[in-house]
Each structure stands twice: as structure tokens, then as C-alpha cells.
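Undergrad: The structure is given below, and queries will be raised subsequently.
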Amino acid sequence: MLRPRSLYYSFPIRLLILHFRNHLMLIGLWIFLALLMTGAAGRFFGIYYLLLTPEYHGETDFWSFFITGAACGAFFLIWNLTTYLLSAHRFPFLATLEAPFTKFSVNNFIIPLAFLVTFLIASTRFQWFNELTNGWSILLNIAGFLTGMLFLAGALAVYLHLTNKDLASFALAGQFVPRPGSKLLAPGYRLPTLWEIRAGATRWRVDTYITERLHLRLVRSVAHYDPEILGRVFRQNHFNAVAVQIIAVLLLMLLGLFMDEPWARIPAGATIFLLASMAMAMFGAITFWFRHWGTLVFILVMVIVNYTTGLGFFHYWNRAYGIDYQEEKRVEYNYKVLEQISAPDRIAQDEAATLDILNNWLAKNRAAGVERPKLVFLCVSGGGMRSAIWTIQTLQRADEATGGRLFRQTALISGASGGILGAAYLRELYQQVQEGAPYSLYDTTFVDDMGRDLLNPVSFAILSNDLFFPVGTFQSGGFTYRKDRGYLFERQLNENCRGVLGKRLADYRQPEREAKIPMMVISPFILNDARRMLISPQGVSYLMQPPDNRRRSIQPEIDGVDFSRLFAHQQPDSLAFTTALRMNCTFPFILPNTRLPAHPALEVMDAGFRDNYGITIAARFGQVFQDWIRENTSGVLIVQIRCWEKISPVEEADNKGIIESLLSPISAAANLTAMQDFEQDMALGLLNDVLGDDQLEVIRFTYRPMKKENEASLSLHLSKREKRDILESFYRPEVRVNVEALKRALGM
């Protein structure tokens, strides 16, 4: 039994102490992954189940766990390689051992083992309670993870074991010629002198180490060895370690070339491990080569990369697929141009065209026997995949309960991110059913389609393609674009939706004009000036600013931009519809911001930054066409489908420390959706005054989890329990009350 002092000087403990003293950045990476894995960080966005229940080809099974386990094994190996590069010179006795790197890895087990045990416990619990997986499947999945981890780590460990040299390999006659003053491999790592070795000045004291067979051995003295020979051993071992890291990065880049192939889209959990591996390897390499200058070198590298990627061939930004980006066609973007495209004559032209649509809507509903129908606006909220599933299921069930009247009487759909995805898919299906498609609009498999994973392909593209440099290209609308995570998101979304969303913006113009389907205004946020980009196949210049009186005494500022008007010479009609949807749901960091071809270039992102609920556009539309509404309808019904509680609890501020108090202004961003609610209630109040008494009604279908602990996260990937909770929440008593209110509002 080891005494406390002997234990303290054992190699595993000495390595652990060294890591906490010298490698806090690497330790921080382990802690960050552990926080993600346990849900202590990123839980709101559902990151933890990407690690705990990886998905591959839409399935969570042995192979998805095998791939993730292999990536975890790579992370473990990179940890050992990196710490070996940074620490081996402190332990010259390693050079006297057979297979020094293997023995180093065996003794460097404490942190990886603690992480692995935590993962296995957390994954088992999550599969049982959240994914509703049976015991046998859980065992099979865990076996897949361990098999994948051991397979990759074992294969590379065998390679290093066979190729890394020990002291005996270099001591043979004729193989080694001493070169006094040479260095181990990197600048700054000089060879120890004989005096330093004897005095222990260049190493940490180690009395015992663990062998591959888990036997405890005493450390032999190295004072009698030539320090140059010791350096030669480490130099060759270091070369192998660096070679493995470089090959790993090149393989990832090569994998990115196959991003179109489903087999190449590895689980998101695996990409997280691989991304962590790359971060660790990069940090280790910079520290290894530049030591105390490492931080400065890292900053300089970032500055150079930022400057280089803004020039020539290396300049890259995500683009809107289908429109023309030729430099000579780029439009000037300034307030004068906005005034031109929203001139009174153009607004009058667009209003007249929309009145034709409303008259077609009225004729359709009168033909169904409703003389003065309610004009319905559908306003759907953002909220990731949970909002997409909640929206499509609510629309299906509500339309079914009203005998098809909800969709028939809907004239406009607006909203943000996930909600628009669900509404757009069901609107397309609604059109196909009218054209004779042999399926029911209320088929629950469409909800399953909307719930399929979107995060795995995106994270795969980030790791294997976007972090390096997108080189693959594709054609859209006759133009060439580079493949990145935005491209793969659109491709996967269309695949999940059975290929029916692969249309151009103009493909919806005629169906909307004939009122066969509701108008849909997609409104991503313009980062340059906080305006909205209004994307519609119809002219919607009348939505670019609040309505004014004839004397223009109010002079409201233009706060929206008609996409088709602004880019009239750049083929706006050929914009891919999936691109419009993606721009509307550009979750920060997950999807790339899109640059539009103007001077200056316009950067657009998630509509939720300006209006997460779609109310503003609906209210303005009602205000513009108030006269027609009063004359031809029995009023306006706004059906809001949202994934956020309208009234939130008040946060405590009594016990804030000084640091929390200093950061309080930043935390105000977390109340963005609440502030939007306040402003939109005011807009609804004004619309109510404009239309007159009893002419406006709002019915809200709000997702509320059956159990708070089962609340679906804001992610592009949901667990089975989260999906089930969303589906079951529709049958809460308050939702049934709203369905009955909807039927009464529609005159049923």
C-alpha cells in the first residue's frame, strides 16, 4: 500500500499537479465539456443531449455511439499527445523506458477516466429518462461508444507504440552522433545538462510509475545517460505526436469535401469532441513552439487570419442562393434609395395588387358560404425546432377542428425562425393537397418530418468545412456559390420535408395572387441598421413604414426594406425559398449571417431580433388595408402560435454581487422578447382603435411544457421526451379552450 508521501510522488499524481499548475487552459476545456455534457451549460439550447444521445442518419443506435466514441477517443489521444509535447521534457526518465509515450498515456489517466465515468453515467440516465430507451438498447449504445473509443485510441496508440523510439534505439553503434547544443524540437526547449539532471533541476521528482500491465515500478536514475541521447528520444517522439495532429486536421478537411453525402454527416456529439480536439491541439502547438510568447502569437494569428480572409480569393461570406452578386450590379443602399423604392406611386401599385389578392380571398370564402368572413393573420414565434413542431401541430389540429376554415380564411403568415419553418412546410402541403396530392393535410408524419435533426449536418459543416475554408461549390439560379453550413442546413431541411421546399421565391407568386395559399412575408433582421428585410413574391413596399396621412404630417421613418424592390436588377425572383427561410432563422453562431449584394453589403440574421412573434407586420398590414377590412369582413382574427410565456416571473436582484451588478446592463438582452411583447401589445391596441370596436380578436396558442423539467430546448435537435412533451401539450385544458374560441371566432 502506498504511503501518502509515496503517492504524492507517483507519476499519475505528479502529472495531475503539473496540469493544474501549467495547463489550466487545457483543464478548462475538460471542464467546459463536462458542463455541456451534464447540462450545467448550454442546457437551454439542448447541447447536452447532442453528446449524450448522438444521432446518425436520423437514428440513435450502436453506430451513432461508435462514431461519437471514436471522436471521444481522438480527444483523449490529443490530450495525451498535447500534454506529452508540453510536459515530457520535465521527466527525462521516460526516455529510458520502452514505449515512453504509451507509458506517459497510461499514467496520464486521471482526468480522462473521471470524464469517461461522468459521461457513461450521464448518458445512461439521459437515455433512460429522456430518450425513453430500453435497458438492452442502452447497453448496446454504451458498448458502441466504448468500442469506438477503444478502436480509434487503440489504433493510434499502437502506431505510436511501434514508431516511437526509446533510449536503446539510439544507443546502437553508428546510429547517433552527438551534436552539443542542439534542441529537443521546439525553440526554447534546450537539452538538460548533466549537472541539471543530477540535481533534479529540469524535472519533477517522480518515484514510481504505472506500466501498461498496471504494475507499479520504481523510476531508474537517468544521471548516467548522455542528455543529448535523451533529447534525441524526445525529439523523435515529438515528431510522431505532431504528425498525428497534422494528419487528423487534414483528414477533417478532406471529410468536408464529402459534406453532400449523408454518410459523412457524423453525429453532432462527435463534432463537438473533434472541435475540442482541434482547439486543444492548436493551443498545445502554439504553446509548445512559442512557450511564453504563445498568447501574443495566438493574437497575431487571429489578426492575420481576419485580415487575410477579407482579401481576394480568401474573402468569404455566406450568400443568398439564387441572386446575382456581380460587382457591377450591386445596388447602393442608403436612405435616399429606400425613399425611392417606397415612393407613393410604388406603394399605391403594391397596395392595388394586394387588394386583388384580398378580393380573391373574399371570393373564395364567399363561395364556401361565408358572406363576411373573418380575416385571419397567422403570427408564429421563433424558438428553434420546438417552435417548428408546435406550429405545424397546432395548425394541423386547429385547422382540422375548424373543418379547414382556419387555413381557408388565413390571408397572411408572418413570424420568426422555427415558427416560420413549420408554417412554410404546412402551407406548401396545403397547396399540394388543393392540387390533388393523395394524402391528408393532417397526417401526423408531417410533424415527424419537422422534428427531424437539423443540428448534426450544421455542426459537421462547421467542423470539417467552415473552420478551414469553404472550397466546394454548387449552382443555384444559374450562379455559383460555395458550400458551407448554410448550404447544408437548407439541403437537410428540404430532405426532411420530402423535397417540397426546393422552390424559388417566384414559384409562390401566382398561388398567392389567386389566394390559393396565404401570403407569407419573411422578415430577417438587417444587422447594419436594425431594419427588416421584407421578403415576399409580392410587392410589399406598403410595409416599409407606418402608414401616414395624406399631408404626411407624421413623417415616420422607413424601418423595412422590400427585398424584391431593392434587388430588382439582381434576379430576386430566383432566390431559393429555403434561403429565405434560413435567413429568417439564422440562430447566432449556429448558422452564418448572410451578406446581400449592396454597397455597403447588408448582413441579415434571425428575424427574432426585431420581431420574434410576427405581430408587427400583421398589425401594419391590417392598418394599411383597414378600409377594405371594415367594408368586406367581420373583422380581423390574429392567431398567434408562440413558444414563449407572455408573462414571465420577475427576476431577483437583491443579492447581486458587485460583478453581477456591473454586468446587469448586458443581461437586459435576455429580456428582448419581453420588450417586444410590450411594444406589440401597443401595436395591437392601435390596430383595435383603427378597425373599431369588436373588429379585432387575438387568440394565442402558447406552448407550455407538461412538466417544467421536460421543457423543450431552443435547439435544432430535440430528444424524444421533448418532442412528446410538445405533442402532448396541445391537449392541455387551456389549449382546448382556445380551440373552442377559435371556432366561435370563425362563426362555427
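The values are calculated or read from the model by the stated rules, or taken from the named source; none is laboratory data. Small disclaimer: the values here were computed from a predicted structure and weren't measured. No Cβ is skipped: glycine too gets one built from the backbone with ideal geometry, and neighbour counts run over all protein chains shown. The accessibility values were calculated without ligands, DNA or RNA, using every heavy atom of the protein model including side chains. Shrake-Rupley method; radii C 1.70, N 1.55, O 1.52, S 1.80 Å.
Undergrad: Can you name the number of the only condition in (1) buried (at least 18 other Cβ atoms within 10 Å of the Cβ); (2) among the hydrophobic types (A, V, I, L, M, F, W, C); (3) at pLDDT below 85 that residue 33 fails?
TA: With (1) buried (at least 18 other Cβ atoms within 10 Å of the Cβ); (2) among the hydrophobic types (A, V, I, L, M, F, W, C); (3) at pLDDT below 85 applied to residue 33, the lone miss is (3).
Undergrad: All but one of (1) more than 28 Å from residue 55 (Cβ to Cβ); (2) modelled with pLDDT of 85 or more; (3) surrounded by fewer than 18 Cβ atoms within 10 Å (Cβ to Cβ) hold for residue 678; which doesn't?
TA: Among (1) more than 28 Å from residue 55 (Cβ to Cβ); (2) modelled with pLDDT of 85 or more; (3) surrounded by fewer than 18 Cβ atoms within 10 Å (Cβ to Cβ), residue 678 violates only (2).
Undergrad: Scanning for something at pLDDT below 80 and of a type outside the set (D, E, K, R), does segment 316-338 turn up at least one residue? I'd like the intermediate steps shown before the answer.
TA: To start, the set of residues in segment 316-338 that are at pLDDT below 80 comprises 316.
Narrowing further to those that are of a type outside the set (D, E, K, R): 316.
Yes; the residues of segment 316-338 include at least one that is at pLDDT below 80 and of a type outside the set (D, E, K, R).
Undergrad: Take the residues of segment 424-458 that are surrounded by 22 or more Cβ atoms within 10 Å (Cβ to Cβ) and among the β-branched types (Val, Ile, Thr): which is modelled with the highest pLDDT?
TA: Selected residue: 447.
Undergrad: Separate question: Quick one: how many residues across segment 336-362 are touching a Pro at 6+ places or on another chain (Cβ under 9 Å) and either among the aliphatic types (A, V, I, L, M) or within 16 Å of residue 537 (Cα to Cα) (or both)? First the steps, then the outcome.
TA: Narrowing segment 336-362 to residues touching a Pro at 6+ places or on another chain (Cβ under 9 Å): 361-362.
Subsequent filtering for residues that are either among the aliphatic types (A, V, I, L, M) or within 16 Å of residue 537 (Cα to Cα) (or both) retains 362.
The qualifying residues number 1.
Undergrad: Determine whether segment 346-369 contains at least one residue that is open to solvent by less than 50 Å² (accessible area, probe 1.4 Å), touching a strand residue (DSSP E or B) at 6+ places or on another chain (Cβ under 8 Å) and not in a helix (DSSP H, G or I).
TA: Within segment 346-369 (the criterion being open to solvent by less than 50 Å² (accessible area, probe 1.4 Å), touching a strand residue (DSSP E or B) at 6+ places or on another chain (Cβ under 8 Å) and not in a helix (DSSP H, G or I)), the answer is no, since none of the residues qualifies.
Undergrad: Open to solvent by 20 Å² or more (accessible area, probe 1.4 Å) and not charged (D, E, K, R): which single residue out of 380, 331 fits that description? Please lay out each step first, then the result.
TA: Values: 380 fails: open to solvent by 20 Å² or more (accessible area, probe 1.4 Å).
Selected residue: 331, the only one of 380, 331 that is open to solvent by 20 Å² or more (accessible area, probe 1.4 Å) and not charged (D, E, K, R).
Undergrad: Hey, another quick one. Which is hydroxyl-bearing (Ser, Thr, Tyr), in contact with a helix residue (DSSP H, G or I) (Cβ under 7 Å, 6 or more places away or on another chain) and within 30 Å of residue 716 (Cβ to Cβ), of 38, 83?
TA: On the way: 83 fails: within 30 Å of residue 716 (Cβ to Cβ).
Only one candidate passes the filter, namely 38.
Undergrad: Please pick out the residue among 590, 629 that is crowded, with 20+ Cβ neighbours inside 10 Å and β-branched (Val, Ile, Thr). Even if it seems obvious, please write down each step before you answer.
TA: Details: 590 fails: crowded, with 20+ Cβ neighbours inside 10 Å.
None of the other options fit; the residue is 629.
Undergrad: Step by step: first the residues of segment 476-504, then only those that are part of a strand (DSSP E or B) and in contact (Cβ under 8 Å) with a residue 40 or more places away in the chain, then the one that is farthest from residue 573 (Cα to Cα). Which residue is that? If you could, list the steps in order and put the result at the bottom.
TA: Taking segment 476-504 and keeping what is part of a strand (DSSP E or B), we get 476, 479-482, 504.
Narrowing further to those that are in contact (Cβ under 8 Å) with a residue 40 or more places away in the chain: 476, 479, 481-482, 504.
Details: 476: 12, 479: 13, 481: 17, 482: 20, 504: 7 Å.
Result: 482.
Undergrad: Restricting to segment 539-551, give me the number of residues that are assigned to a loop (DSSP other than H, G, I, E, B) and open to solvent by less than 10 Å² (accessible area, probe 1.4 Å). First the steps, then the outcome.
TA: Looking only at segment 539-551, we keep the residues that are assigned to a loop (DSSP other than H, G, I, E, B), and these are 539-540, 544-551.
From what's left, open to solvent by less than 10 Å² (accessible area, probe 1.4 Å): 540, 544.
Matching residues across segment 539-551 total 2.
Undergrad: Being charged (D, E, K, R), farther than 27 Å from residue 479 by Cα and open to solvent by 40 Å² or more (accessible area, probe 1.4 Å), is that true of even one residue in segment 552-562? Spell out how you get there, then give the answer.
TA: Applying the first criterion (charged (D, E, K, R)) to segment 552-562 yields 552, 557, 559, 562.
Narrowing the set further to residues that are farther than 27 Å from residue 479 by Cα leaves 552, 557, 559.
Still in the list and also open to solvent by 40 Å² or more (accessible area, probe 1.4 Å): 552, 557.
Within segment 552-562, one or more residues are charged (D, E, K, R), farther than 27 Å from residue 479 by Cα and open to solvent by 40 Å² or more (accessible area, probe 1.4 Å).
Undergrad: Filter segment 294-315 down to the residues that are open to solvent by 100 Å² or more (accessible area, probe 1.4 Å) and either modelled with pLDDT of 75 or more or of a type in the set (A, V, I, L, M) (or both) and list them by number.
TA: 304
Undergrad: Something else: Going through segment 476-504 one residue at a time, which ones are surrounded by fewer than 18 Cβ atoms within 10 Å (Cβ to Cβ) and polar (S, T, N, Q)?
TA: 480
Undergrad: Taking residue 429, is it part of a helix (DSSP H, G or I), at negative phi and out of contact with any strand residue (DSSP E or B) (no Cβ under 7 Å at 6 or more places or on another chain)?
TA: Values: part of a helix (DSSP H, G or I): yes; at negative phi: yes; out of contact with any strand residue (DSSP E or B) (no Cβ under 7 Å at 6 or more places or on another chain): yes.
It is true that residue 429 is part of a helix (DSSP H, G or I), at negative phi and out of contact with any strand residue (DSSP E or B) (no Cβ under 7 Å at 6 or more places or on another chain).
Undergrad: Given (1) touching an Asp or Glu at 6+ places or on another chain (Cβ under 8 Å); (2) farther than 16 Å from residue 320 by Cα, identify the lone condition not met by residue 589.
TA: Every listed condition holds for residue 589 apart from (1).
Undergrad: Show the residue pairs that are 6+ apart or on different chains and have beta-carbon atoms under 6 Å apart, the first residue being within segment 579-606 and touching a residue at least 12 places away in the same chain (Cβ under 8 Å), the second being among the basic types (Lys, Arg).
TA: Pairs found: 597/330; 598/330; 599/330; 601/595; 603/595.
Conditions tested, residue by residue: (1) in contact with a Phe, Trp or Tyr (Cβ under 7 Å, 6 or more places away or on another chain); (2) surrounded by 23 or more Cβ atoms within 10 Å (Cβ to Cβ); (3) in a loop (DSSP other than H, G, I, E, B); (4) among the small types (Gly, Ala, Ser).
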position	(1), (2), (3), (4)
412	yes, yes, no, no
422	no, yes, no, yes
460	no, yes, no, no
474	yes, no, no, no
506	no, no, no, yes
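Undergrad: Right, another one. Within segment 605-622, is there a residue that is among the acidic types (Asp, Glu), closer than 28 Å to residue 675 by Cβ and either within 27 Å of the chain's Cα centre (by Cα) or open to solvent by 30 Å² or more (accessible area, probe 1.4 Å) (or both)? It would help to see each step written out before you state the result.
TA: Just the residues of segment 605-622 that are among the acidic types (Asp, Glu), to begin with: 606, 611.
From the residues that got through so far, the ones that are closer than 28 Å to residue 675 by Cβ too are 606, 611.
After this cut, where a residue has to be either within 27 Å of the chain's Cα centre (by Cα) or open to solvent by 30 Å² or more (accessible area, probe 1.4 Å) (or both) as well, the list is 606, 611.
Yes, there is a match, as at least one residue in segment 605-622 is among the acidic types (Asp, Glu), closer than 28 Å to residue 675 by Cβ and either within 27 Å of the chain's Cα centre (by Cα) or open to solvent by 30 Å² or more (accessible area, probe 1.4 Å) (or both).
Undergrad: Right, here's the next one. Of all residues in segment 36-50, how many are in a helix (DSSP H, G or I) and modelled with pLDDT under 85? Please lay out each step first, then the result.
TA: To start, the set of residues in segment 36-50 that are in a helix (DSSP H, G or I) comprises 36-38, 43-45, 48-50.
Applying the additional criterion that residues be modelled with pLDDT under 85 yields 43-45, 48-50.
Number of matching residues: 6.
Undergrad: So, in segment 51-82, exactly how many residues are charged (D, E, K, R) and within 26 Å of residue 103 (Cα to Cα)? Don't jump to the end; show me each part of the working.
TA: At the first step, the residues of segment 51-82 found to be charged (D, E, K, R) are 55, 59, 61.
Then drop every residue that is not within 26 Å of residue 103 (Cα to Cα), which leaves none.
Number satisfying all stated conditions: 0.
Undergrad: Restricting to segment 510-529, name every residue that is in contact (Cβ under 8 Å) with a residue 60 or more places away in the chain and either of a type in the set (Gly, Ala, Ser) or not in a loop (DSSP other than H, G, I, E, B) (or both). Give the derivation first.
TA: First pass over segment 510-529, keeping only residues in contact (Cβ under 8 Å) with a residue 60 or more places away in the chain: 511-528.
Passing the criteria: 511, 512, 513, 515, 519, 520, 521, 522, 523, 525, 526.
Undergrad: Select from segment 552-568 the residues that are over 24 Å from residue 377 (Cβ atoms), outside any helix (DSSP H, G or I) and under 30 Å from the mean Cα position of the chain (by Cα) and list them in ascending order.
TA: Scanning segment 552-568 gives a single hit, 567.
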